[in-house]
């Protein structure tokens, strides 16, 4: 039995240590906002936060996560930066097919938590490992800039 702190709640997960977090989230806890795509950590669709850092949930085992804080896309209601990024996503009309969007949003949120005023180059660098088959990269970068502006305006 693993005790996992996810979105501010403690969950007891009965699974082998080596089970990827992605499968525990989707199959055992019914948190399906985190998507499966490549299964190799290459596309970013399964991105979640572990202690505030963006990680690929398909590549991290639940046995390594006890005592750490996990945030998924479902945690937006309690995460102000994540909420702001989601709102900017809608304002900028980013989603097309939408499949990669939760991973994109989680990566963008981690970036803004660490760097509240990133340059376009810093956004590009932080987001380049997240793939979007629909090619909405320009709108994604614009949404991140919009979220940064909103977050910075709220602090002043």
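Readers should treat all values here as calculations from the given coordinates under stated rules, not as data from a laboratory. These numbers come from a predicted model, not from an experiment. Glycine also receives a Cβ, built like all others from the backbone with ideal geometry; neighbour counts cover every protein chain displayed.
Spot the failing condition for residue 95; the list is (1) buried (at least 18 other Cβ atoms within 10 Å of the Cβ); (2) in a helix (DSSP H, G or I); (3) touching a helix residue (DSSP H, G or I) at 6+ places or on another chain (Cβ under 6 Å), and only one is missed.
Exception for residue 95: condition (2).
Which residues, taken from the stretch 1-24, are assigned to a strand (DSSP E or B) and in contact with a strand residue (DSSP E or B) (Cβ under 8 Å, 6 or more places away or on another chain)?
To start, the set of residues in the stretch 1-24 that are assigned to a strand (DSSP E or B) comprises 2-6, 9-13, 20.
2, 3, 4, 5, 6, 10, 11, 12, 13, 20 - these are the residues of the stretch 1-24 that are assigned to a strand (DSSP E or B) and in contact with a strand residue (DSSP E or B) (Cβ under 8 Å, 6 or more places away or on another chain).
Please go through the stretch 54-90 and give me each residue that is in contact with a helix residue (DSSP H, G or I) (Cβ under 6 Å, 6 or more places away or on another chain) and not in a loop (DSSP other than H, G, I, E, B), ordered by number.
Matches in the stretch 54-90: 54, 62, 73, 76, 81, 82, 83, 84, 85, 86, 88, 89.
Step by step: first the residues of the stretch 25-40, then only those that are assigned to a loop (DSSP other than H, G, I, E, B) and without any contact (Cβ under 8 Å) to a residue 12 or more places away in the chain, then the one that is nearest to the chain's Cα centre (by Cα). Which residue is that?
This residue is 32.
Which condition breaks for residue 33 when tested against (1) out of contact with any helix residue (DSSP H, G or I) (no Cβ under 6 Å at 6 or more places or on another chain); (2) under 22 Å from residue 139 (Cβ atoms)?
Evaluating residue 33 over (1) out of contact with any helix residue (DSSP H, G or I) (no Cβ under 6 Å at 6 or more places or on another chain); (2) under 22 Å from residue 139 (Cβ atoms) leaves (1) as the failure.
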